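The values are calculated or read from the model by the stated rules, or taken from the named source; none is laboratory data. Since we're looking at a predicted model, the values are computed, not measured. Here the Cβ is made from the backbone with ideal geometry for all residues, glycine too, and neighbour counts use every protein chain on show. We work out accessible area using only protein heavy atoms, side chains counted, and drop any ligands, DNA or RNA first. Shrake-Rupley method; radii C 1.70, N 1.55, O 1.52, S 1.80 Å.
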Amino acid sequence: MTQKIIAKYPSNIALVKYWGKYGNQMPCNASLSMTLSKAYTEIILQCTPKTTSKIELDYFFEGQPKENFKERIIKYASQQKEFTTLLHNFSLRIDSTNSFPHSTGIASSASAFAAIAAALLKASSQINDVDFTKEASRLARLGSGSACRSFYGSYALWGKVENIENSSNEYAIPITDIHTNFHNMKDAILIVEDSPKKVSSSVGHALMNNHPYANARFIDANKNCATMISVLKSGDVENFIAITEREALTLHAMMMMSKDYYMLMKPETVFIIEQIFNFRSETKLPICFTLDAGPNIHVLYPEQIEQTVKSFIEQNLQTKLKSVIYDHAGLGGEVN
Ligand code: PMV
């Protein structure tokens, strides 16, 4: 009989960035993210008993077979001892869809690997709910580092931070007791370019090895995580903005200072950042930006100023945009 498991997990946007790794997907510094809601991956995993010893796994993305990602999943799954029995005894079929449109340039590996790890773990084990999330977060990290943060809402920390109990390089933990100033945060994702990025995150992470500024960066990021946790609990909007924006620019500065330097920001990116600076200084409203490893901009703001920010985007930025995804902080995913 075929067993069917459905997993739906969101993407997340880092406020303090993970950039640099070692060993088996261990982060060189801690990172802290806001979990998203509307940008998610949903997968259906079907497990049918088989008798051959050969691994049988098929992967379909929006109905079409995707050979390269299938190979990546097979490699990933066969390296985790937790999935050995499942791969040995069952033929697997994964059907995956993303809620966000094709070619938006939004990284889908975080939501995809969160969903894949959760579904494979669910199919493999009987562990209780508390341990399940921690274990799924750890296994997701081994597929794509940032995926481990998609298990908790609205804010998650991945990486060991001094004085933060239970923080770990192996999996993410939720940040609790968030001040109301940071409840229901909005994220307008401004797409200025929708083609795949020229330099992959893996190459970017590797360029932090022997980077002349690497150690200073790792120390700074860990400090920013500790400060950001206090900021989220105390409601300090000014420092939330300062840390978030400086982190985004630091990530891109690291790329530009690598041995094989490169630049992912586009003229539109810089134009929009300047518009946000001007808008904030004129209106004194608590709006800020962050960037992923790409040219697109995440605009973060509280629910109360949603209409004003939407008008600002429509009136001042629309001509530079391919599309906008209006997302907001979410609570994590689910698997059944
Ligand atoms: O999880 P990866 O290996 O795709 O790396 C993600 C890196 C950034 O998105 C740039 C930062 C982060 O912490 O998510």
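Contact annotation: residue pairs with Cβ atoms under 9 Å, 6 or more positions apart or on different chains, pairing a residue in the stretch 194-208 that is over 16 Å from ASN24 (Cα atoms) with a partner that is loosely packed, with under 12 Cβ neighbours inside 10 Å and modelled with pLDDT of 95 or more, are VAL199/ASP260; LEU207/LYS259; LEU207/ASP260; LEU207/TYR261.
Look at (1) of a type outside the set (Val, Ile, Thr); (2) open to solvent by less than 10 Å² (accessible area, probe 1.4 Å); (3) modelled with pLDDT of 95 or more and you find that ALA110 fails only one, number (3). Within the stretch 208-228, the residues that satisfy the criterion of being open to solvent by 30 Å² or more (accessible area, probe 1.4 Å) and in a loop (DSSP other than H, G, I, E, B) are ASN209, ASN210, PRO212, TYR213.
Filtering the stretch 178-190 to residues that are assigned to a helix (DSSP H, G or I) and in contact with a helix residue (DSSP H, G or I) (Cβ under 9 Å, 6 or more places away or on another chain) leaves ASN181, PHE182. When the strands (runs of 3 or more DSSP E) confined to the stretch 241-336 are screened for residues that are closer than 13 Å to VAL192 by Cβ, those reaching at least 3 such residues are found at 297-301, 323-328.
Say we look at the stretch 191-206 and pick out the residues that are of a type in the set (A, V, I, L, M) and outside any helix (DSSP H, G or I); which of these is nearest to the ligand (Cβ to nearest atom)?
VAL199
Go through the stretch 38-75 and give me each residue that's open to solvent by 50 Å² or more (accessible area, probe 1.4 Å) and among the small types (Gly, Ala, Ser). Listed by number, the residues that qualify are SER53, GLY63.
If you check SER78 against the conditions, is it away from the ligand (no atom under 15 Å from the Cβ), open to solvent by 10 Å² or more (accessible area, probe 1.4 Å), more than 21 Å from SER137 (Cα to Cα) and hydroxyl-bearing (Ser, Thr, Tyr)? Here the answer is no, as SER78 does not meet what is asked. VAL231 meets each of the listed conditions (1) surrounded by 15 or more Cβ atoms within 10 Å (Cβ to Cβ); (2) in contact (Cβ under 8 Å) with a residue 24 or more places away in the chain apart from (2). Name the residue that is most open to solvent (accessible area, probe 1.4 Å), counting only residues in the stretch 1-25 that are away from the ligand (no atom under 12 Å from the Cβ) and in contact with a Gly (Cβ under 9 Å, 6 or more places away or on another chain). So, considering only residues that are away from the ligand (no atom under 12 Å from the Cβ) and in contact with a Gly (Cβ under 9 Å, 6 or more places away or on another chain), the one most open to solvent (accessible area, probe 1.4 Å) is LYS8.
Please find, among THR176, THR97, THR85, the residue that is away from the ligand (no atom under 15 Å from the Cβ), of a type in the set (Ser, Thr, Tyr), surrounded by fewer than 22 Cβ atoms within 10 Å (Cβ to Cβ) and under 27 Å from ASP236 (Cα atoms). Every option except THR176 fails the conditions.
Among residues that are more than 19 Å from the chain's Cα centre (by Cα) and closer than 28 Å to GLY145 by Cα, ARG217 is included. Apart from one condition, LYS186 fits all of (1) farther than 24 Å from SER323 by Cα; (2) in contact with a Phe, Trp or Tyr (Cβ under 6 Å, 6 or more places away or on another chain); (3) not acidic (Asp, Glu); the exception is (1). Any residue at all in the stretch 116-125 that is more than 18 Å from the chain's Cα centre (by Cα), assigned to a loop (DSSP other than H, G, I, E, B) and under 19 Å from GLN25 (Cβ atoms)? No, the stretch 116-125 has no match at all.
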